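Here the structure is laid out as C-alpha cells; the discussion comes afterwards.
FYI, it's all coordinate maths here, none of it is from the lab. None of the values given here were measured: they were computed from a predicted structure. Because the Cβ atoms are built from the backbone with ideal geometry, glycine has one as well, and the counts that use them run over all protein chains shown.
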Amino acid sequence: MHTEEEKKHLLEALDSLQRELVVISPEFYILAANEYTKQSYQGNLIGEICYEKYYNRKHPCPACPVNKGTDGGQAGKWQENLEDLNFKDGVICYPVFSGDKCDYLLRLDFELSGAGRLEKKLQRSNAFLHNLLLSSVDAVIAADKDGNILIFNDAAYEILDYTTEEALNSLDIRDLYLEGGARDVMKRLRSQEYGGSGKLKAYQVELVSKHGERIPVSLNASIIYEDSAEVATIGFFHDLRETQKMEQELEDTRMQLVQADKMAALGKLAAGVAHQINNPLGGIGLFAQLLLEEHDLSEEAKKDVQRILEDTQRCSDTVKELLEFAKQSAYKSTPQDINKALDRTLFLLEKQALFQNVEVEKDLESDLPFVPCDLQQMSHVFMNLVLNAIQALQGEGKLKVRSSTCGQEKVKIEFKDSGPGIPEYVLPNIFLPFYTTKDAGEGTGLGLSVAYRIVENHGGKISAYNLEEGGACFVVELPYDGNAQGGD
Ligand SMILES: Nc1ncnc2c1ncn2[C@@H]1O[C@H](COP(=O)(O)OP(=O)(O)O)[C@@H](O)[C@H]1O
Ligand SMILES: [Mg+2]
C-alpha cells in the first residue's frame, strides 16, 4: 500500500508525464486521464467512449487491445495504422485486475525510436510491394539462381495451374519452360541485345502448364543482383492466348471478306466470259455437226471432226459450270426428300463407265425431314461430290453415302470415299474457284466452288476432312423447317 505522501508523488509524476495516460473501463469508457492528456483534449474526455473520442468510430476498433486485455489478461500492444489515424506512434494497454476480473485498462502511448520508425516504414512498404506483386494481373514469378521459386502470384496460378504452395515447395523454374527454354531466356537476359544486360523486354515464349498445356506469353524479366552477383530472376508473364485468339478471328474475318470479294469479282468475270464464249461455241458445234452430216468425208477427216465436236462439248460443259458458278441466288425452293435426290443422283451416275468396281453403300435415315431447297441445284451439288469421290477412287474402292438428322433442325449428308484423301496443302484450297489438282481436260476446278455457293445460298454448310482410315469425307449440312412437308 502507498502512503498518502507516495500517492501524491505518483499523481504529480503522472501529471507531469509528457505522454498520454488514460484509464479505460472494459466497456470502453474513459475513466481518468493525466494532465498532459487532458490538455491535449482540452479536458473534455472523461466519461466519453474511447473509440468515439480518439478515432471517431461507431464501433470498437478491429484490433482493440482493450478486448485482448480483458480476455486474456495480457498487455496488448497496438501499433496498427496509427499514422493513418493521425495518432501517436504506438499504444500499449495494460489490464488492471482485482482477482480474476479486469477492472480497467491503462492506456499509454509511446514513441517509436528512429530505427523502429524506419523499420516500420520499410515493413509497410515491403508489404505494399508484396501485395502489388501478388495482385498483379500478369503472372509474376521469381526464382533464385538454383531455380527454386520465390514468388508465384495468383495470376501465375491461373495461367499455369500450379498452386502457390506447390510452386514454392516443389517446382523448378525450368519445369515451366519447354526443353531448353529457361536456358534460352537466361542467355537473352545476360546479353546486351534484348533490352540491356540483365533485362529482357516483351520476349514471346511458351510456358508449360501443370497439365502440359502450352501457353504463349510475353515475358518481361530482369536479373536481381546483390553486390553485382546474380541472386535471382523475376519475370512478368502476360498471357497472350486471348490476344492471339482475337488476332486469329480478325485475320479469319479479313480472309473471308477478301474471299467473298474475290468470289463476287470472279463470278462477274466468269459470267461475262461464259456469255462471250457460248455463242461462238454453239456455232463451232453446229458447223462441225453440219460438216459431218453434209459432206462425204474420209474416215480420217470424220475422226477429226468428231474430235472437234467432243472438245466443243467439253468447252460447253465448262461454260455451263461457269454460268452456274456465276449465278447469284435465284433458285426455287420447295420442301424436298433428300434421300430421293441422293438415290436419283447415284442411279444416274452408276451407269457411267467411271464407276467400274466402285462399291456404293447407302445408309439413308428413313424418316428424314424434308428440306426446303432447289432440287436441281442440290442434285448438282451431290453429283459433284459423288463425281469427285469416284475420280479419287480411280475405278476401285468404296463410296459411302449417309443421310441423317443432326443438331438443331439440320439434315446432314456425308460422302465418304476410300480414296487417297486430300493432301494437307490442297485442303484449304478445294472450295476456291478454278482450283484443281487434275490434268487439264479432266477437271475445271469449279465443281466444289459451285457446290459451296449453292449450299451457302440454302443457308447450309459444306466442309471436307480426311478420314483416319484413309480417304476423304465431304459433309453437307442443310437447315430444315421442322414443319415442312411434301415433295417435288
Ligand atoms: N473425294 C476427294 N478426294 C480427294 N481429293 C478431292 C476429292 N474431292 C475433291 N478433291 C480435290 O479438290 C479439288 C477441287 O475439286 P473440284 O472443285 O470438284 O474441281 P475438279 O474436280 O474439277 O478438280 C480436286 O482437284 C481434288 O484435288
Ligand atoms: Mg470436281
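Here are some notes:
- Selection among T436, F347, C64 by position relative to the dipole of the chain gives C64 as farthest towards the positive end (Cβ unit charges, Cα centre).
- Here the range 260-384 is treated with +1 on each Lys and Arg Cβ and -1 on each Asp and Glu Cβ, and its dipole about the Cα centre works out to around 520 debye.
- Remark: the range 353-455 carries a charge dipole of roughly 140 debye about the Cα centre, counting +1 on each Lys and Arg Cβ and -1 on each Asp and Glu Cβ.
- P(r) weight above 23 Å for the range 346-482, C-alpha pairs, percent: 31 percent
- Between helix 114-134 and the chain: long-axis angle, C-alpha atoms, 0 to 90°, nearest 10: 20 degrees
- Residues T334, T37, sorted so that the one with the fewest Cβ neighbours within 10 Å comes first: T334, T37
- Farthest positive-ward along the chain dipole, Cα basis, beta-carbon charges - from S98, A274, Y41: Y41
- Taken as Cα centroids, the range 399-427 and the range 1-68 sit 88 Å apart, rounded to the nearest whole angstrom.
- Pairwise centroid distance, computed over Cα atoms, of the range 346-376 with the range 172-188, Å: 57 Å
- Where only C-alpha atoms are counted, convex hull volume of the range 170-327 per residue in Å³: 234 Å³
- For A32, the residues whose modelled amide H falls within less than 5 Å of its own, excluding neighbours fewer than 5 places apart on the same chain, are V23.
- Only one residue of L257, F128, I149 has its Cα farthest out toward the positive end of the dipole of the chain, where Lys and Arg carry +1 and Asp and Glu -1 on Cβ, and that residue is F128.
- The trypsin sites (Lys or Arg not before Pro) found in the range 309-378 that occupy coil by DSSP, while having at most 12 further C-beta atoms within 10 Å, are K332, K351.
- Between helix 299-326 and the chain: long-axis angle, C-alpha atoms, 0 to 90°, nearest 10: 30 degrees
- The calculated P(r) of the range 118-194, using every Cα pair and 10 Å bins from 0, goes 17, 40, 32, 11, 1 in percent.
- Relative to its Kirkwood radius, the Cα radius of gyration of the range 244-326 gives an Rg/Rh of 1.35.
- Separation of the M1 and E166 label points, Cα + 7 Å toward Cβ, nm: 7.2 nm
- Each listed q (0.10, 0.12, 0.15, 0.20 Å⁻¹) maps to a log10 I(q)/I(0) for the range 129-239 from the Debye sum over equal C-alpha point scatterers, namely -0.25, -0.36, -0.58, -1.07.
- When the chymotrypsin sites (Phe, Trp or Tyr not before Pro) in the range 150-253 are filtered for DSSP coil states and for at most 11 other beta-carbon atoms within 10 Å of their beta-carbon, no site remains.
- Fewest-first ordering of T405, T253 by other beta carbons within 10 Å of each residue's beta carbon gives T253, T405.
- In this Cβ point-charge picture (+1 for Lys and Arg, -1 for Asp and Glu), the chain has a dipole of about 820 debye about its Cα centre.
- Where Rh is the Kirkwood radius over Cα pairs, Rg/Rh for the range 285-361: 1.15
- In loop segments of the range 399-475 as defined by DSSP, the GluC sites (Glu not before Pro) with at most 16 further C-beta atoms inside 10 Å of their C-beta are E409, E424, E442, E468, E469.
- Over the chain, the pair-distance histogram of Cα-Cα distances with 20 Å bins from zero comes to 15, 24, 22, 16, 14, 6, 2, 0 percent, rounded to whole numbers.
- 0 to 90° range, to nearest 10: angle between helix 447-457 axis and the chain longest Cα axis: 60 degrees
- A straight line joining the Cα centroids of the range 247-319 and the range 196-242 runs 60 Å.
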